[in-house]
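The values are calculated or read from the model by the stated rules, or taken from the named source; none is laboratory data. None of these values were measured; they are calculated from a predicted model. Cβ placement follows ideal geometry from the backbone for every residue including glycine, while neighbour counts extend to all protein chains displayed. Remember, those area values only see protein heavy atoms, side chains included, never the ligands or the DNA or RNA. Shrake-Rupley method; radii C 1.70, N 1.55, O 1.52, S 1.80 Å.
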Amino acid sequence: MNETPTRVYAEIDLAAVRSNVRALRERAPRAELMAVVKSNGYGHGALPCARAALEAGATWLGTATPEEALALRAAGIEARILCWLWTPGGPWREAVEADLDVAVSGMWALEEVREAARAAGRPARIQLKADTGLGRNGCQPADWAELVGAAVAAQAEGTVDVTGVWSHLACADEPGHPSIALQLAAFRDMLAYAEKEGIEPEVRHIANSPATLTLPETHFDLVRCGIAVYGVSPAPELGTPAQLGLRPAMSLKASVALVKSVPAGHGVSYGHHYVTDRETRLALIPTGYADGIPRHASGSGPVLVGGEVRRVAGRVAMDQFVVDIGDADVAAGDPAILFGPGDLGEPTAEDWAQAAHTIAYEIVTRIGGRVPRVYRNG
């Protein structure tokens, strides 16, 4: 959009996205880079961020659902796209016809994609996912021989082309966690078995954002970067974005809707969990949990208003919350910055994560569709 909204908006710096992709490529110089744009690009906007990442040298895109991947194709994205979260009856044929790479974690999925390939009259590109210890999607080691054997047979009949073997780490954001070495060993074993049986994967991959940044032994042919593409640190233990060479791309900004004076002893917001201890002034910020502002940050969420970081006074409501500004020179229409890269002294997404007892991933991803995205440096 051309005009800046007045209630609340998320400002997305696409130059930061490009810079982050370049920085991540430097961390894994011998591997290709997949920019993961699932969940609307972690709240930043899948299509603009996908284009920015590709401009900066990403060669793959990743989505959770096939619908996300198909939307990118419909918008004209021609790069390789892997989508991995399937359920029975999913749009397999559409995916095959759109030249998507699809993840297969079990026999039911292999059978459905083979049927889709026959209907489409062309082989499906599939990637076999191994469960090396995360315990979510992926094929267990005990079932791996059956899946690999069936995939080899399907490839021989021309219904599939196995383009990748991959897995996902559970604790890469916890340096030194013993599961990392165990998962990496399991992945090497399952990959070796698949290759022995005749699979020749184009890409082998297990590294996510934290592994890309800290575990070069996991890089293989491709690294999958999600949250780091958007300049958010995968974990405080790994360092701040600046320490990791990243820059946050999203700033969440609002306009003060109302400023008023209230006496001492005045309750603020539902439940009166905040009561003024003096005569003071309150500023109304017109955004709330319907926009993705975490209600769990009631009484603690930080906001830069009037040149000072202040805390949410009382509960975050559906559409609004209040901050106590004392005698600060603030008026309706003045800016309020909930989070950003910190250049102006504003809070960061990590600050909000700590206030809400969650992770920064959730803070940026939960910003809802009611909040306009304004793109800079496109």
*Ignoring the sites themselves, what is the longest stretch of the chain with no GluC sites (Glu not before Pro) in a DSSP loop and at most 11 other beta-carbon atoms within 10 Å?*
79-378
*Mind grabbing the accessible area of Arg51 for me, 1.4 Å probe, Å², rounded to tens?*
110
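Size of the dipole of the chain about the Cα centre, Lys and Arg at +1 and Asp and Glu at -1 on the beta carbon, nothing else charged, in debye to 20? Numbers along the way, then the final one.
On the way: 34 positive and 45 negative charges, 117 e Å.
Its charge dipole is roughly 560 debye.
Using only the Cα atoms, work out Rg/Rh for the stretch 245-378, with Rh taken as the Kirkwood radius, to two decimals. Each step should come with its number before you reach the end.
Numbers: Rg = 14.4 Å, Rh = 15.0 Å.
Value, to two decimals: 0.96.
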*Determine the calculated [θ] at 222 nm for the chain from helices alone, applying -39500 (n - 2.57) to every DSSP H run no shorter than 4 residues and normalising by the residue count; nearest 500 deg cm²/dmol.*
-9000 deg cm²/dmol
*When Lys and Arg each count +1 and Asp and Glu each count -1, what net charge do the other residues less than 12 Å away from Ala79, Cβ to Cβ, add up to?*
-2
*Multiply the residue gap between Ala142 and Glu115 by 0.36 nm, knock off their C-alpha separation, and tell me the result in nm, one decimal place.*
7.2 nm
*Residue farthest toward the positive end of the dipole of the stretch 280-335, with Cβ of Lys/Arg at +1 and Asp/Glu at -1: which of Gly306, Ala331, Thr287?*
Thr287
*Can you pull the one-decimal nm distance between simple spin-label points at His357 and Asp319, each 7 Å off the Cα toward Cβ?*
3.0
*Per-residue HN-Hα couplings for the stretch 74-82 [Karplus 6.51, -1.76, 1.60; θ = phi - 60°; Hz; x = Gly/Pro]*: 4, 8, x, 6, 9, 5, 5, 10, 9
*Using modelled amide H (1.01 Å from N, peptide plane; none on Pro or chain starts), what sits under 5 Å from the amide H of Cys139, excluding residues fewer than 5 places away?*
Lys129, Ala130, Asp131
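Using a simple charge model, +1 on the beta-carbon of Lys and Arg, -1 on the beta-carbon of Asp and Glu, nothing else, what dipole does the stretch 147-200 show about its Cα centre, in debye to the nearest 20? Walk me through the intermediate numbers first.
Numbers: 2 positive and 8 negative charges, 25 e Å.
That gives the stretch 147-200 a dipole magnitude of about 120 debye.
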*Per residue and in cubic angstrom, what volume does the convex hull of the Cα atoms of the stretch 110-220 have?*
97
*Seen from all sides and averaged, what is the projected area of the convex hull of the Cα atoms in the stretch 136-184, in nm²?*
4.3
_Phi to ³J(HN,Hα) by Karplus 6.51 cos²θ - 1.76 cosθ + 1.60 over the stretch 315-330, Hz, x for Gly, Pro_ = 7, 6, 9, 4, 10, 6, 8, 10, 10, 8, 9, x, 9, 5, 7, 10
*Geometric extent, Cα atoms of the chain - Rg, Dmax (angstrom)*: 23.5, 79
*Residue farthest toward the positive end of the dipole of the stretch 1-95, with Cβ of Lys/Arg at +1 and Asp/Glu at -1: which of Leu82, Leu33, Ala46?*
Leu33
*Highest-MSF residue in the chain out of Ile293, Ile363, Ile77 [GNM, Cα springs under 10 Å]*: Ile77
*Debye log10 I(q)/I(0) for the stretch 240-289, one point scatterer per Cα, at q = 0.25 Å⁻¹*: -0.98
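Taking the Cα centre of the stretch 235-363 as the origin, how large is its charge dipole in debye, to the nearest 20, when only Lys and Arg (+1) and Asp and Glu (-1) carry charge on their Cβ atoms?
Working: 9 positive and 15 negative charges, 51 e Å.
That gives a dipole near 240 debye.
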*Karplus (6.51, -1.76, 1.60) ³J(HN,Hα), θ = phi - 60°, over the stretch 103-116, in Hz, Gly and Pro reported as x*: 7, 10, 10, x, 5, 4, 5, 4, 5, 5, 6, 5, 4, 5
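Would you please name the trypsin sites (Lys or Arg not before Pro) within the stretch 279-371 that are DSSP coil residues with at most 13 other C-beta atoms within 10 Å of their C-beta? Spell out each step's value before the answer.
Values: sites: Arg281, Arg295, Arg310, Arg311, Arg315, Arg366, Arg370; in loops: Arg315, Arg366, Arg370.
Sparse-neighbourhood loop trypsin sites (Lys or Arg not before Pro): Arg370.
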*If you roll a 1.4 Å probe over the heavy atoms of the protein chains, what accessible area per residue do you get for the chain, in Å²?*
42
*Calculate, in whole percent, how much of the Cα-Cα pair population of the stretch 198-306 lies beyond 24 Å.*
52
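What number, in percent, do you get for the relative contact order of the chain if the mean sequence gap of Cα pairs under 8 Å and at least 6 apart is divided by its residue count?
Over the chain, the number comes to 19 percent.
Counting Lys +1, Arg +1, Asp -1, Glu -1, what net charge surrounds Leu191 among other residues with beta carbon under 15 Å of its beta carbon? Can you show the working numbers first?
Numbers: positive: Lys129, Arg188, Lys196, Arg204; negative: Asp131, Asp189, Glu195, Glu197, Glu200, Glu202, Glu217, Asp221.
That works out to -4.
Report, to the nearest whole %, how much of the accessible area of the stretch 109-190 belongs to carbon and sulfur atoms, 1.4 Å probe, protein only. Kindly include the intermediate steps, with their values, before the conclusion.
On the way: 1740 of 3420 Å².
Solvent-exposed carbon and sulfur of the stretch 109-190 make up 51 percent of the total.
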*asked:* Which residue, Ser105, Gly121, Gly57, has the largest displacement toward the positive end of the dipole of the stretch 57-168 when charges sit on each Cβ (Lys, Arg +1; Asp, Glu -1)?
replied: Gly57
*Nonlocal amide H pairs with Glu32, under 5 Å, H built at 1.01 Å*: Leu222, Val223
